[in-house]
Each structure stands twice: as C-alpha cells, then as structure tokens.
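For reference, the structure is listed below as structure tokens.
The values are calculated or read from the model by the stated rules, or taken from the named source; none is laboratory data. Predicted model, so just to flag it, every value in this text is computed and none were measured. Cβ placement follows ideal geometry from the backbone for every residue including glycine, while neighbour counts extend to all protein chains displayed.
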Amino acid sequence: MPEHHDGTVKLVKRSEAFRRVSERGIMSSLIASAVFTTLITASIIGVLSYQSYKFFRLEEVSVVEFFTGFEWNPLLGSEKHFGIWPLISGTLMVTLIAMLVAIPLGLTTALYLSEYAPRKLRAALKPALEVLAGIPTVVYGFFALTVITPVLQGVCPGFEIYNVTSAGIAVGIMCLPIVCSISEDSLRAVPRSLREGAYGLGATRFDVSFKIVTPAALSGIIAASLLAIARAVGETMIVALAAGNLARLVWNPTEQGQTMTAYMVQIFLGDVSNFGAEYHSAYAVAAVLFAMTFIITYIGHLIRVRFREVYE
Amino acid sequence: MSLPADAVHRSLEARQRKSLLFHIFCAVLAMSSVLVLGALLVILIVQGLEYLDLGFLKGTPSRKPEKAGFMPAMWGSVWICAVCAFTALPIGVSTAIILEEFKPRHPVLRRLHAFMQLNISNLAGVPSIVYGIIGLTVFVNMLGLFGSFSDPALQIGDPYDDWYRFQIPFGRSALAGGLTLMLVILPIVIVSSVEALRAVPGSLRQGSLACGATKWQTIRRVVLPASIPGIMTGAILAMSRAIGEAAPILVIAGTIFILYRPDNLMSQFTAMPLQIYNWAGRPQEEFHAVAASGIIVLLVILLAFNALAVIIRHKLQKPLQ
C-alpha cells in the first residue's frame with residue numbers, strides 16, 4: 001500500500017473520531033435544553049410551594065382560614081384576614097361571564113365556518129379571527145374600560161365604573177378565537193362520509209350539524225372550552241384594568257370584584273414591603289391559580305386522549 | 001305502514017325552514033367577531049389619532065397628556081424582545097429537535113419522552129403572570145441567595161456608564177424581563193418548531209442517511225434547512241406574543257417612572273404594553289386617548305410582524321414532496 005494512501009485513511013479515521021466527539025457534544029447540549037423545560041416546571045412548583053410554606057408559617061395566617069375564609073383584606077383594616085374565597089369568587093364570576101360569551105359565540109362561529117359558510121366568506125372570517133387572537137390582552141382591557149363599560153352603563157345605569165361583567169365580556173371576546181379555532185379543527189376532522197350518509201337519508205344541514213357532526217367532534221369541543229376556561233382564569237390585564245380592586249364575595253355582576261390575578265398585580269405594583277404577609281400571600285394565591293389552571297389543562301388533555309373518536 | 005305523503009312533505013318543509021333559520025342565526029353570530037374587531041379599530045383610531053405624532057414617538061412619559069411620549073417604552077420592548085429571541089429560539093428549536101427527531105425506542109425513555117411532551121403542553125397553559133412571579137423570584141432576586149438587587153453580590157462595570165455592566169442578582173433589569181418573556185413564549189416556540197419538523201417528509205431523512213450521513217448531519221444539512229420557513233413563521237408569531245405580553249413584565253419592571261431608554265442589559269426598563277396599561281389605568285380621559293395612540297403603535301408593529309410571517313410562509317416554503 002503506498003504511503004500517501006495510508007495517510008488518507010488515517011485522516012478519514014481521525015475526522016470520524018472528531019465527528020463522533022462533536023456529535024456527542026451537540027447531543028448533550030440538545031438534551032440539556034430539553035431538560036431545561038422540565039426545570040422550568042420544577043422551579044415553578046418549587047418556588048410557589050416554598051414561598052407559600054413561608055406564608056403559612058406566619059403568625060397572622062392560618063391554612064384553614066386561607067382555604068375556607070370569606071374575608072380577604074390584607075391591605076386595609078386593623079386586623080388582616082386571608083380567606084381566599086372572595087378572590088376565587090371574583091375569578092369564577094369573570095370566567096363564567098366570559099364563557100357565556102365565548103362558548104356559544106365560538107361554537108356557532110365554528111359550526112358556521114365548517115358546515116355552512118361559502119368559501120369566500122370563510123376566507124374573510126378566518127383572518128379576522130386570527131387578528132382577534134393576536135391582539136394583546138391589555139388592548140382588550142382598554143376596550144372593556146372605554147367601550148364596554150359605558151355601553152353597559154347606558155343600557156342599565158346600575159353598573160359601577162369597574163364591574164365584573166365588562167371584564168368578563170372582554171375576556172370572552174379574547175377567548176372566542178381559541179374556542180372557535182380548536183372546535184373548528186375537530187369539526188372538520190369528522191369525515192365527509194358521515195355527513196354524506198346523513199344527507200343521503202334526507203337530513204337537513206341543521207340535522208347534520210347537530211345530530212352528526214357536533215356529537216362526533218364533542219371531545220374536541222370540550223377540550224377547546226376547557227382550554228378557554230384555563231385562559232380566562234389566568235387572564236390578568238383585562239381584569240386589572242376593568243374589574244376593580246375590591247376583594248369581596250361577588251354575587252352581583254354589576255359590581256366590582258377582585259380576581260386572583262388582579263390581586264397579584266395590586267401587590268407587585270404597590271409599594272408593599274418585600275417581606276410582609278401581604279407580599280407572601282401573592283405567592284400562595286399564585287400557587288392556587290397554578291393548581292387550578294394545571295388541573296383544567298390536564299382534564300382537557302385526558303378528554304382529548306380518552307374520548308377521541310378515531311376514523312380511518 | 002307509512003305516513004301520508006303530505007305529512008312527510010310538511011315535516012320536510014318545517015325541517016328545511018329550521019335549517020335555514022339556523023343558517024341565518026349562525027351567519028349573524030359569526031359576523032359578530034368581525035363587528036367587534038371593526039368597533040375596536042374605529043374606537044382606537046377616533047381616540048388615538050389626536051396625540052399620535054412624531055413628538056409622541058420621540059417623547060418621554062409626562063404628567064401632561066399632550067407631552068407624553070412612547071420612546072422609552074418602545075426601546076424597552078426592543079431590548080427585552082431581543083433578549084427573549086436570543087434565548088428562546090436556540091432552546092426552543094433544540095428541544096423540538098430532541099422531541100421530534102430522536103424518538104426513543106426503550107420503554108423507560110419513551111415514558112420520559114411522553115412526559116416531556118405533556119410537560120410542554122402544560123407549560124403552555126400556565127398563566128403568564130405566574131411566569132412573572134417566577135421571574136421575579138429567580139431572575140430579579142435570585143431567591144435572595146446573592147444579596148438584594150440594590151446591593152448585589154457580584155458587580156461588573158460602573159453602574160451608570162459601562163455598556164458591559166453586569167450584576168448578580170439581575171435586579172429589575174432588561175435582562176430579567178427578557179428572560180421572563182423567554183419562559184412565556186418557550187412552549188409556543190417548541191410546539192410550532194415540532195410541527196415544522198414533522199412536516200419534513202421522512203424520505204428526505206432516509207435519503208440522507210442512506211448516503212452515509214450521520215443522524216446529526218442529516219438534521220443539520222437536510223431537515224433544518226427544509227423546516228426553516230415553518231420554524232421562522234412560528235418564531236415570529238411567538239415574538240409578536242412576546243411584544244404584547246404585559247402581565248409578566250409588569251411584575252418584573254414594577255411602577256418606576258422611566259424617562260430614558262435602556263442602554264445596557266442591567267438598565268431598568270418599561271415596555272409598550274406596560275406603558276399602555278399605565279395610561280389606560282388613569283382616571284383622566286386625556287390619558288385614555290394617549291393610551292389609544294400607544295395601542296395604535298403597538299398594533300402597527302404587530303401587524304408588520306404578522307405580515308412578515310405570512311410572507312415567509314408563502315415565499316420560502318418550497319414543496320417538499
């Protein structure tokens with residue numbers, strides 16, 4: 001074997017060895033970035049539970065009162081009370097109103113887009129929904145404050161300047177594209193043969209939409225609604241601008257109420273000392289919020305996996 | 001036994017009428033989203049054009065609405081979004097590559113793989129203000145392990161002059177804000193990149209592997225170039241989410257009155273959505289108009305980003321089949 005040929009073989013071997021080492025390096029950096037995403041979850045759970053633990057160890061706080069109490073006044077009054085239900089009631093009220101707007105509107109829009117709409121109208125409606133989905137939430141908050149609230153007050157003078165209805169409607173408009181696009185995807189995933197079978201038996205479009213397509217796509221529709229609920233529960237800027245800052249049990253939708261997210265904004269924007277009970281209470285509220293959205297998201301995931309209708 | 005013919009006919013007519021009515025009802029409701037969008041834009045333009053001029057773009061926040069400006073907020077957004085893009089893109093794309101290109105066969109590893117996917121879809125559902133609180137604890141204060149941010153354990157460079165100024169903990173700085181935004185958009189980047197990688201046909205990978213390329217060479221020279229348009233589109237849409245995100249930034253930046261643009265990573269900052277929140281939350285009507293001007297600027301920038309994403313999707317995407 002001539003000498004220079006031998007050298008080439010050596011070079012190839014060395015470059016292969018080098019490649020193997022560098023590929024191993026690249027692999028480990030890829031794995032590191034994947035591990036990073038799990039670290040984020042770990043640090044969310046770690047930070048929230050550690051800080052909540054610190055909060056519950058404070059003298060003026062009791063765990064039982066936190067989870068069962070109906071009075072929340074960490075900033076006012078001589079005696080501080082930390083019972084989270086006023087904040088939860090505010091959150092649920094806003095979410096309820098939002099879903100009353102988003103789910104019927106989103107579902108009918110999705111049904112219209114997938115079953116009825118002529119192609120040209122679809123081409124006009126879809127971008128409008130995409131633009132709505134891309135608008136920052138602070139803009140919706142502004143809209144609630146300067147348009148929805150005055151309109152509500154015009155219709156019914158009993159509405160306060162800050163009220164949960166106005167915030168709820170804005171949150172609903174924000175959630176509408178989520179409900180609509182995900183339910184539309186699952187409506188369109190229903191195979192044509194099912195629809196055509198029904199039309200062949202003499203069904204009208206209405207019958208097909210409600211008796212065939214909607215039941216077949218139900219898991220996707222429920223998953224979409226749950227996702228929207230999770231978004232509404234965690235929505236911050238709209239409620240911070242339009243829902244008010246008074247933590248009390250909310251029954252009357254014309255009054256103001258404070259949500260969990262709005263309370264956090266109040267704490268982190270205000271000049272609260274860094275180590276007082278009220279500062280740490282924000283972490284406990286965040287932990288409750290995180291747990292709520294986690295459970296809702298996870299149920300949505302289970303429904304999607306378990307009840308998916310599979311067609312070939 | 002059968003129904004008389006005219007009864008069948010009548011019930012058919014009734015059902016068809018019901019269907020038509022529902023069609024109209026659906027169409028009207030579906031138009032409501034367009035209506036809302038239209039109303040929003042009209043209100044913004046009516047209110048916002050009053051203060052929208054060059055002085056607004058160049059000016060700084062002020063007590064007087066006619067003098068109030070958007071400059072520090074715009075530069076703050078540029079800084080935090082730059083930090084966010086330079087961290088979220090590499091981490092997001094690498095995670096997507098691991099998830100999509102290295103699917104393990106071993107049962108334990110497969111469990112791990114499924115867990116990571118579930119974890120990412122869960123992260124996408126975490127409210128952004130929770131990320132803000134995590135950012136405040138981990139980036140701004142660093143859990144209190146390295147002193148407070150006004151009295152940092154490590155400090156490089158002069159606090160006022162040097163561009164390379166750096167400190168640990170990060171404090172209420174543009175760096176901390178950008179990293180927090182990174183946490184918010186990382187799941188979005190990962191999900192869209194995974195979809196872009198999935199759209200690359202398997203035959204391309206197999207062809208490359210058959211020519212003797214290694215797994216990484218295949219990814220680097222075949223799969224990534226083929227999926228770049230999809231990844232870029234997703235990344236731009238994720239960045240437009242980052243630009244408009246206010247809640248986490250609000251927790252990180254606090255309510256300091258900022259009159260200058262940031263000039264290093266450790267500068268205090270404000271951002272466009274935060275400044276809009278600040279103006280919209282004031283009781284005076286005039287400041288609502290200023291907020292509307294800010295929103296117009298923000299929406300124009302977002303629109304430009306979305307247009308860019310559409311252009312990339314149409315121009316760069318070559319048919320791969």
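For the stretch A:72-124, a tally of residues being in contact with a Phe, Trp or Tyr (Cβ under 8 Å, 6 or more places away or on another chain) and within 14 Å of another protein chain (Cβ to nearest Cβ) returns 2. Taken together, the residues in the stretch A:76-112 that are touching a helix residue (DSSP H, G or I) at 6+ places or on another chain (Cβ under 6 Å) and not in a helix (DSSP H, G or I) amount to 3. With respect to the conditions (1) in a loop (DSSP other than H, G, I, E, B); (2) over 22 Å from B:Ala247 (Cα atoms); (3) of a type outside the set (Asp, Glu), B:Phe170 lacks only one, and its number is (2). Condition test on B:Leu52, is it within 30 Å of A:Cys180 (Cβ to Cβ) and either at pLDDT 85 or above or touching a helix residue (DSSP H, G or I) at 6+ places or on another chain (Cβ under 8 Å) (or both)? When the stated conditions are applied, B:Leu52 does not pass them. Among the residues of the stretch B:13-51, those identified as among the hydroxyl-bearing types (Ser, Thr, Tyr) and free of Cβ contacts under 8 Å to residues at least 40 places away in the same chain are B:Ser19, B:Ser32, B:Ser33. Of all the criteria given as (1) in contact with a Leu (Cβ under 8 Å, 6 or more places away or on another chain); (2) assigned to a loop (DSSP other than H, G, I, E, B); (3) not hydroxyl-bearing (Ser, Thr, Tyr), the one not satisfied by B:Phe257 is (1). What about A:Leu152, is it assigned to a helix (DSSP H, G or I), surrounded by 22 or more Cβ atoms within 10 Å (Cβ to Cβ) and hydrophobic (A, V, I, L, M, F, W, C)? Taking the combined requirement at face value, the residue does not satisfy it. Just one of the numbered conditions (1) part of a loop (DSSP other than H, G, I, E, B); (2) facing chain A (nearest Cβ under 10 Å) is not true of B:Pro65: (2). Selection of the stretch B:268-278 for residues being facing chain A (nearest Cβ under 10 Å) and either surrounded by fewer than 24 Cβ atoms within 10 Å (Cβ to Cβ) or touching a strand residue (DSSP E or B) at 6+ places or on another chain (Cβ under 8 Å) (or both) yields only B:Asn278. Summed over the stretch B:68-120, residues that are more than 14 Å from chain A (Cβ to nearest Cβ), farther than 25 Å from B:Thr270 by Cα and either polar (S, T, N, Q) or in a loop (DSSP other than H, G, I, E, B) (or both) total 2.
Candidates B:Ile219, B:Ile228, B:Ile311: the one that is more than 18 Å from the chain's Cα centre (by Cα), free of Cβ contacts under 8 Å to residues at least 24 places away in the same chain, part of a helix (DSSP H, G or I) and over 17 Å from B:Ile80 (Cα atoms) is B:Ile311. For the stretch A:203-215, does any single residue satisfy the condition of being within 24 Å of the chain's Cα centre (by Cα) and either touching a residue at least 60 places away in the same chain (Cβ under 8 Å) or in the same structural domain as A:Thr91 (by TED's automatic domain parsing) (or both)? Yes; the residues of the stretch A:203-215 include at least one that is within 24 Å of the chain's Cα centre (by Cα) and either touching a residue at least 60 places away in the same chain (Cβ under 8 Å) or in the same structural domain as A:Thr91 (by TED's automatic domain parsing) (or both).
Let's see how each residue does on (1) closer than 20 Å to A:Val147 by Cβ; (2) within 14 Å of chain B (Cβ to nearest Cβ):
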position: A:Ser225; (1), (2): no, yes
position: A:Ala232; (1), (2): yes, yes
position: A:Glu235; (1), (2): yes, yes
position: A:Ala243; (1), (2): yes, yes
position: A:Arg248; (1), (2): no, no
position: A:Thr259; (1), (2): no, yes
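Specify the residue that is nearest to A:Ala291 (Cα to Cα); the eligible residues are those in the stretch A:47-62 that are touching a residue at least 40 places away in the same chain (Cβ under 8 Å) and of a type in the set (Gly, Ala, Ser). Filtering first and then ranking leaves A:Ser49. Answer yes or no: is there a residue in the stretch B:283-294 that is loosely packed, with under 13 Cβ neighbours inside 10 Å, assigned by TED's automatic domain parsing to the domain that holds B:Lys58, in a loop (DSSP other than H, G, I, E, B) and touching a residue at least 24 places away in the same chain (Cβ under 8 Å). Yes, the stretch B:283-294 contains at least one residue that is loosely packed, with under 13 Cβ neighbours inside 10 Å, assigned by TED's automatic domain parsing to the domain that holds B:Lys58, in a loop (DSSP other than H, G, I, E, B) and touching a residue at least 24 places away in the same chain (Cβ under 8 Å).
A residue that is touching a Pro at 6+ places or on another chain (Cβ under 9 Å) and either at pLDDT 90 or above or within 14 Å of another protein chain (Cβ to nearest Cβ) (or both) occurs somewhere in the stretch B:195-202.
Is there any pair with a first residue in the stretch B:245-266 that is assigned by TED's automatic domain parsing to the domain that holds B:Gly177 and a second that is of a type in the set (Asp, Glu) whose Cβ atoms are under 8 Å apart and which are 6 or more apart or on different chains, and what are they? As it stands, the answer is B:Asn264/B:Asp162, since those pairs meet every condition given.
I need the full set of residues from the stretch B:236-247 which are within 16 Å of B:Tyr131 (Cβ to Cβ), out of contact with any Cys (no Cβ under 7 Å at 6 or more places or on another chain) and within 9 Å of another protein chain (Cβ to nearest Cβ), in order please. Of everything in the stretch B:236-247, those that are within 16 Å of B:Tyr131 (Cβ to Cβ), out of contact with any Cys (no Cβ under 7 Å at 6 or more places or on another chain) and within 9 Å of another protein chain (Cβ to nearest Cβ) turn out to be B:Arg241, B:Gly244, B:Glu245, B:Ala246, B:Ala247. Reported count of residues in the stretch A:101-140, each being under 16 Å from the mean Cα position of the chain (by Cα) and of a type in the set (A, V, I, L, M), is 7.
Kindly evaluate A:Tyr140 against the criterion of being buried (at least 20 other Cβ atoms within 10 Å of the Cβ), in a helix (DSSP H, G or I) and at pLDDT 90 or above. Yes, satisfied.
Is there a residue being among the small types (Gly, Ala, Ser), more than 16 Å from the chain's Cα centre (by Cα) and modelled with pLDDT under 90 anywhere in the stretch B:126-146? Yes; the residues of the stretch B:126-146 include at least one that is among the small types (Gly, Ala, Ser), more than 16 Å from the chain's Cα centre (by Cα) and modelled with pLDDT under 90.
Exactly one residue out of B:Leu99, B:Leu154, B:Leu145 is touching a residue at least 60 places away in the same chain (Cβ under 8 Å) and either assigned by TED's automatic domain parsing to the domain that holds B:Ser267 or surrounded by fewer than 18 Cβ atoms within 10 Å (Cβ to Cβ) (or both): that is B:Leu99. Restricting attention to the stretch B:125-174, the residues that are of a type in the set (Gly, Ala, Ser) and either at positive phi or facing another protein chain (nearest Cβ under 8 Å) (or both) total 7.
Condition first: among the small types (Gly, Ala, Ser) and either assigned by TED's automatic domain parsing to the domain that holds B:Glu286 or under 30 Å from B:Gly178 (Cα atoms) (or both). Can you find one or more residues in the stretch B:42-55 that meet it? Yes, there is a match, as at least one residue in the stretch B:42-55 is among the small types (Gly, Ala, Ser) and either assigned by TED's automatic domain parsing to the domain that holds B:Glu286 or under 30 Å from B:Gly178 (Cα atoms) (or both).
Scanning the stretch B:222-267 for residues that are out of contact with any Gly (no Cβ under 9 Å at 6 or more places or on another chain), surrounded by fewer than 20 Cβ atoms within 10 Å (Cβ to Cβ) and among the hydroxyl-bearing types (Ser, Thr, Tyr) yields a total of 1.
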